[in-house]
Amino acid sequence: MQYLPIHFDTRGANILVVGGGPAAEAKLRTLLKTEANLIVVDTSVGPEVSRWASQGKLNWEKRDYRESDLDGASLVYAATEDDALNATIAASATARQIPVNAADQKAACRFITPALVDRAPVLVSIGTEGTSPALARALKAELETILPPETGAFALKTKVLREKVKALLPDLADRQRFWARILGGKDLSAQLRVSPEGLESQVEMELAGQDDIAGKVLLVGAGPGDPDMLTTAARRALHAADVIVYDRLVSDGVLELGRREAEYIYVGKTPGEPSIGQTAINQILIDKATEGLSVVRLKSGDPLIFGRADEEIDALSALDIPVQIIPGITSAAAAAAAINASLTTRGTNRAVSLLTGHDAKGFAEQDWASLARPGGRAAVYMGVGASRFIQGRLMLHGAEGDRPVTVVENASRPNQIITYTTLRKLPDDIAAAGIKGPAILLIGYAERETISSERLAV
Ligand code: SAH
């Protein structure tokens, strides 16, 4: 980050703009919104600048620039139509340690003015460090649609309501949670359009219901990794959580949706390595909920599939700690989506099994005979290490060696890798692919054939 974004307090500051032509006018249009004393130096200025001067919005010194103009300036804009003069002004200002912006001369600038979405007092500034002005414009256009014109009024109303909330919730953490609930819901753009009266009644209702939200545990599905695959409920829960207890396979992109102030507790279990036990995890959930905090227990995929959810639900329920479950997209669904395969296909399979390759005792036994029957289809979790075992068992029970198998590693993530193989070649192809990330084995699922145009026409 070469440029540090800061919001500069302009009250009482002198801002010098050298130049009165089009470049200066563009800068002044933003500067006029501030509370600075604006001094414009030039022998002649454009009609807009002249009008602002006659309205008393700025002081126009009708003469040539001289170095003493820099005396007492907090910021300087070298915005004449003469590049050489702009460079001289920039050099003098920099020598005096006064931040300067020189029109169209990025190298001479000590600061640049970002693209701005102005919903004062809410300001969003967008900078690309000069890499892509077009991207900055596109982002600005997008943010303009997300932030409705009412955003500023919403923020101002919040300022008044904060006092009221503070009186009732003296604890800072309680207040942060409170506002996270007001703002973390549904659709932020829609919420910002709420009238000041509407916001006030929401705040009152939420204050009245204060007692029943804290001290519960939400078992939240983090999905396969891509934050776009989270449910809105999961996003909201993450945004409101005081404590986020998360597993190894929860992606960074999803974790980033929690508040910075939340407490993050990693309880991942790495296969084959000593790690925190389930009882210790249960205890963390109990302790944090008993403290009255709102706890999110974040599990990869769906929390109810190979997630040991029962053990946590039982431990919490035994102490009457409320538990709520927010489902997630399980990795088998994400893996199938990655290869455009339907998990069930009319005429091919009436059932699909979700299997684990491992259980507490080692490689997991299954109803191999039924899976081995022609058309048997399954999605295997934790199956990479067990692939030779699974292949052996299925073929022993008569499954054909050329049954297709597709392995999807890191489904939905940027490093997703798909390996198409067959039951016969499964362990060798898994070894050859060097799979290190989490993977699903889709047994009975092949690469989708491209449908010929004749078939589509029928
Ligand atoms: N509750 C999770 C499963 C947890 S068990 C769910 O519903 O998906 C852990 C196993 O999930 C991994 O061994 C792997 O088989 C699978 N898995 C998790 N994330 C995955 C991903 N992004 N891509 C492929 N498989 C994944």
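The values are calculated or read from the model by the stated rules, or taken from the named source; none is laboratory data. What you see is a predicted model; the values in this text were computed from it and never measured. Note: ideal-geometry Cβ built from the backbone for every residue, glycine included; neighbour counts use all protein chains shown. To get the accessible areas, we keep the full protein, side chains included, count just its heavy atoms, and leave off ligands, DNA and RNA. Shrake-Rupley method; radii C 1.70, N 1.55, O 1.52, S 1.80 Å.
If the Cβ limit is 6 Å and pairs must be 6+ apart or interchain, which residue in region 373-396 that is in the same structural domain as GLY301 (by TED's automatic domain parsing) pairs with which residue that is of a type outside the set (A, V, I, L, M, F, W, C) and more than 16 Å from the ligand (Cβ to nearest atom)?
none
Just need a number here: residues in region 402-428 that are in a strand (DSSP E or B), open to solvent by less than 10 Å² (accessible area, probe 1.4 Å) and free of Cβ contacts under 8 Å to residues at least 40 places away in the same chain.
Summing the residues that are in a strand (DSSP E or B), open to solvent by less than 10 Å² (accessible area, probe 1.4 Å) and free of Cβ contacts under 8 Å to residues at least 40 places away in the same chain in region 402-428 gives 1.
Would you pick out the residues in region 153-195 that are basic (Lys, Arg), in contact (Cβ under 8 Å) with a residue 24 or more places away in the chain and open to solvent by 60 Å² or more (accessible area, probe 1.4 Å)?
Scanning region 153-195 gives LYS164, LYS186, ARG193.
If you check GLU129 against the conditions, is it of a type in the set (Asp, Glu), closer than 30 Å to MET1 by Cα and not in a helix (DSSP H, G or I)?
yes
Among the residues of region 341-350, is any hydroxyl-bearing (Ser, Thr, Tyr) and within 15 Å of VAL384 (Cα to Cα)?
no
Is there any pair linking a residue in region 18-44 that is of a type in the set (Ser, Thr, Tyr) to one that is surrounded by 19 or more Cβ atoms within 10 Å (Cβ to Cβ), with Cβ under 7 Å and at least six apart or on different chains, and which?
SER44/GLY20
Of these, GLY258, GLY253, GLY292, which one is in contact (Cβ under 8 Å) with a residue 40 or more places away in the chain and either within 16 Å of the ligand (Cβ to nearest atom) or farther than 26 Å from TYR445 by Cα (or both)?
Just a single option satisfies the conditions, and that option is GLY292.
For region 307-337, which residues satisfy the criterion of being of a type outside the set (S, T, N, Q), near the ligand (Cβ under 9 Å from one of its atoms) and surrounded by 19 or more Cβ atoms within 10 Å (Cβ to Cβ)?
Of everything in region 307-337, those that are of a type outside the set (S, T, N, Q), near the ligand (Cβ under 9 Å from one of its atoms) and surrounded by 19 or more Cβ atoms within 10 Å (Cβ to Cβ) turn out to be GLY307, GLY328, ILE329, ALA332, ALA333, ALA334, ALA335.
Could you please tell me which pairs satisfy a Cβ distance under 9 Å, a separation of 6+ or placement on different chains, a first residue in region 196-211 that is loosely packed, with under 10 Cβ neighbours inside 10 Å, and a second residue that is at pLDDT 75 or above?
These pairs meet every condition: GLU197/LYS157.
Taking region 8-29 as the search range and keeping residues that are open to solvent by 70 Å² or more (accessible area, probe 1.4 Å) and of a type outside the set (D, E, K, R), which one is nearest to ASP104 (Cα to Cα)?
Here the residue is PRO22.
What is the residue count in region 103-145 for residues that are open to solvent by less than 70 Å² (accessible area, probe 1.4 Å), touching a residue at least 24 places away in the same chain (Cβ under 8 Å) and within 30 Å of ILE182 (Cβ to Cβ)?
Adding up the residues that qualify gives 13.
Could you grab me the full set of residues in region 370-389 that are more than 14 Å from the ligand (Cβ to nearest atom) and open to solvent by less than 50 Å² (accessible area, probe 1.4 Å)?
SER370, LEU371, ALA372, GLY375, GLY376, ARG377, PHE389
Sort out which residues of region 30-64 are open to solvent by 50 Å² or more (accessible area, probe 1.4 Å), part of a helix (DSSP H, G or I) and hydroxyl-bearing (Ser, Thr, Tyr), and write them in order of number.
Across region 30-64, the qualifying residues are THR30, SER54.
Test GLU67 against the stated conditions and say whether it is under 43 Å from the mean Cα position of the chain (by Cα) and open to solvent by 50 Å² or more (accessible area, probe 1.4 Å).
no
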